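The values are calculated or read from the model by the stated rules, or taken from the named source; none is laboratory data. Computed from a predicted structure; not experimentally measured. Methodologically, a virtual Cβ is constructed for each residue, glycine included, from the backbone with ideal geometry; neighbour enumeration extends over all protein chains shown.
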């Protein structure tokens, strides 16, 4: 009898790293990913010479687009295989755990897309990202919504042995406020995802 268990995110993504780009670029999933990227990139609006942190960069899905805009991007991810794939594609990337992230530097902008749902302590991750943000910078998040489509997303990952967290806007806003951030823009690119732009609360006073 086989004992089923949940995998750690890094285990799961290490296993699928080699074929991740192919899996996420075809069919309905590929179409939704394209809409998400268009929305994220429009909200992030990376500019030449800006510094951007891609938190949970995977194989470089967003980092590649950011680099094409002329910005200086650093990708970090907990999966060594994903980081290896990102580096092979020309992205500067490091193996890092967002839960304990401490790079000793700050960035103009940060993108955290499709990552928080896999984190054991989302609140701690948000706080760490805030600590890496310049005073006049902002963070763009892509998160799965607490909805019927979001539930399908959650069940899909559970079928592969991976737990994901779904977020209501109210709950997520409270988490951001607790970390000293405030939502300034929201988009809904697909039936189960939100893209949000968050800035330091101090700037709103």
* Is there a residue being without any contact (Cβ under 8 Å) to a residue 24 or more places away in the chain and surrounded by 15 or more Cβ atoms within 10 Å (Cβ to Cβ) anywhere in the stretch 120-142? -> no
* So, in the stretch 161-181, of the ones that are outside any loop (DSSP other than H, G, I, E, B) and touching a helix residue (DSSP H, G or I) at 6+ places or on another chain (Cβ under 9 Å), which residue ends up surrounded by the fewest Cβ atoms within 10 Å (Cβ to Cβ)? -> 178
* Structure fact -> Of the residues in the stretch 47-77, those that are on the phi > 0 side of the Ramachandran plot, touching a strand residue (DSSP E or B) at 6+ places or on another chain (Cβ under 9 Å) and in contact (Cβ under 8 Å) with a residue 24 or more places away in the chain come to 56, 58, 60
* Structure fact -> Scanning the stretch 69-90 for residues that are farther than 11 Å from residue 10 by Cβ and under 16 Å from the mean Cα position of the chain (by Cα) gives 73, 74, 75, 76, 86
* Please state which of the following conditions residue 184 fails to meet, knowing it meets all the rest: (1) at pLDDT 95 or above; (2) assigned to a helix (DSSP H, G or I); (3) farther than 18 Å from residue 124 by Cα. => (2)
* Asked: If only one of 26, 105 is surrounded by fewer than 20 Cβ atoms within 10 Å (Cβ to Cβ), at pLDDT below 95 and out of contact with any helix residue (DSSP H, G or I) (no Cβ under 7 Å at 6 or more places or on another chain), which one is it?
  -> 26
* Asked: Among the residues of the stretch 190-197, is any part of a helix (DSSP H, G or I), surrounded by 15 or more Cβ atoms within 10 Å (Cβ to Cβ) and touching a strand residue (DSSP E or B) at 6+ places or on another chain (Cβ under 9 Å)?
  -> no
